[in-house]
Amino acid sequence: MAKTILILTYFANQDGMACSHHIDVRLPVFKDCDAVPILLTSWCGKRHPTLAHYRVCSLSPSGLRFEVRQRFHKKVEQGRRWKILRDLLLLPLLPLYALERSIRRLDPTWSWYPLGVLMGLWVCFRRQVDTLYSTGGPPVVHAVGRTLSRLLALPWLAEVQDPLIHGYCARHPEEYRKLQAVEQATFAQATRMIFLTQEALKATAHRLGMAATGVVIYPGALPPPTQGTLSAGRGWRLAHFGSLGGVRTLQPLLTAAEEAVRRCPEMAEHLAVDLFGNVDQGDQERLRASPLAACFHLKGCIDHAAALAAMASYDLLLLIQGAHAISRETIPSKCYEYFLSGRPVLGLLYENEELAAMFRALGHHLSAADQPMAIAEMLISCYQDRQVGLQAIKIPSPYTVDHAVRQLLVLAPDSGIRGHEPGP
């Protein structure tokens, strides 16, 4: 008999939002595995066209303001008319928003909790839900999952896409204490707490000093629409997909490229680096001041389907991790798309042996993100491989969405769904 799973996620059906994409690509696989997924989300994303999808808004002025801005985000980029309409809708909230922020400085998404619980109760009774699954984005979804699990005695799978506690998780002590409470309650009371990396699980268990209910499931990616092949000619086309700025800066790659060209001048004639996504002002200024400015091209943001298709046309895909402690516990979701693209990948990694082991096992290239001279040597090596027609080692990536969902469904008590036990 098919199991009905209530998926609690603040973001869903929002293009360009990583935590939304994480669950969006899983929904068809749930149905393929004879499970019935039901979504309970915020008002930020559009209603799902083919699934039962319940949406409720946040109650605080800051929460409502955040959700309105999210709904209009793409439309504002399309023209001034949408920006004016958004600002008119937000105008009545401004006094209440200012008052709230003068009293409390919590993340606005916490106010989604009351209506999230009430709607969750209604859905569970109406749809005979068997399992709760909270995932990703704001941690309020885990608070809702915990309450529903306790009130209804339902099994609860809690998936933490990013560490709840890290170096910049909270701007104020009140927010930090709330995050600590949610992490402790989730780790102690969830049927299983799911992490996306071994390091995140180890760090949480060490921090809390509790018996672990944790398990690691690598999220994987969907197979790309096309497999890449080497481009014709001697041009050397590289691409980075994703935002750059803050700790994840272009500076090490730029310094390394300049050094590589100094050692191998002919590379400058062939090098072209396309940057897809937002690039902050600091990196743009560094590019303009670089002697290789003409080799780097800002392509802006494109939708996810277009990004997947574009990956297949490049000679080398770039992954850049920021020099920050959180990089030790996280694996960027686009890694899994890169691995399935059929293209060689160069990872600039920061103290992440778990991710480095994946790169080595799949035959890709890697270097330390904070060592530009080592990156320069790797760039020269990759360039020379390209010039003699060498391809990346063809080792299929095992990290797929289908495999991840089947691992997850095994964790649902008495699921009766065939799958694979989660790996170590």
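Where a number appears in this text, it was derived from the coordinates with a stated rule and is not lab data. Computed from a predicted model, the values in this text were never measured in an experiment. Backbone-built Cβ (ideal geometry, glycine too); neighbour counts: all protein chains shown.
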Tell me the label only: which of (i) 63, 50, 41; (ii) 75, 41, 40; (iii) 67, 52, 42 is Cα extents along the principal axes in Å as calculated from this structure?
(iii)
Put a dot 7 Å past each Cα toward the Cβ at Ala325 and Lys31; how far apart are the dots in nm?
4.4 nm
Of all DSSP beta bridges having both residues in the stretch 236-387, the percent classed as antiparallel (nearest 5) is 5 percent
Mind running the shape call on the stretch 236-387? Use the C-alpha gyration tensor, a ≥ b ≥ c as the square roots of the eigenvalues: rounded below 1.5 for a/c, prolate if a/b tops b/c, oblate otherwise.
rounded
So for the chain, if I pair up every lysine 8 or more residues apart or on another chain, how many of those pairs have alpha-carbons under 28 Å apart?
20
Between Leu151 and Ile84, what's the calculated FRET efficiency when r is the beta-carbon distance and R0 is 35 Å? Round to 0.05.
0.20
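Quick check on the exposure proxy: order Lys334, Lys31, Lys202 from fewest to most C-beta atoms within 10 angstrom.
Neighbour counts put them in this order, fewest first: Lys31, Lys202, Lys334.
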So, with points 7 Å from each Cα along the Cβ direction, the Phe125-His297 label distance in nm works out to 5.9 nm
Relative to the present Cα-Cα distance, how much length would full extension add between Gln189 and Asn278 at 0.36 nm per residue of separation?
28.2 nm
With charges set only on the Cβ (+1 for Lys and Arg, -1 for Asp and Glu), what does the dipole of the chain come to about its Cα centre, in debye to the nearest 20?
1380 debye
Amide H neighbours of Tyr54 under 5 Å, at least 5 residues apart or on other chains, H built in the peptide plane: list them.
Leu39, Leu40, Thr41
Taking the beta-carbon count within 10 Å as an exposure proxy, list Ile326, Ile38, Ile395, Ile375 from fewest neighbours to most.
Ile395, Ile326, Ile38, Ile375
Pull up all non-local amide H partners of Val216: gap of 5 or more, or a different chain, and H-to-H distance under 5 Å with H placed in the peptide plane.
Phe195
Compute the separation of the alpha-carbon centres of the stretch 278-305 and the stretch 116-192 and state it in Å as a whole number.
38 Å
Estimated FRET transfer efficiency (Ala306, Leu94; beta-carbon r; R0 30 Å; 0.05)
0.25
How far is helix 140-152 tilted off the main Cα axis of the chain, in degrees rounded to 10, range 0 to 90?
40 degrees
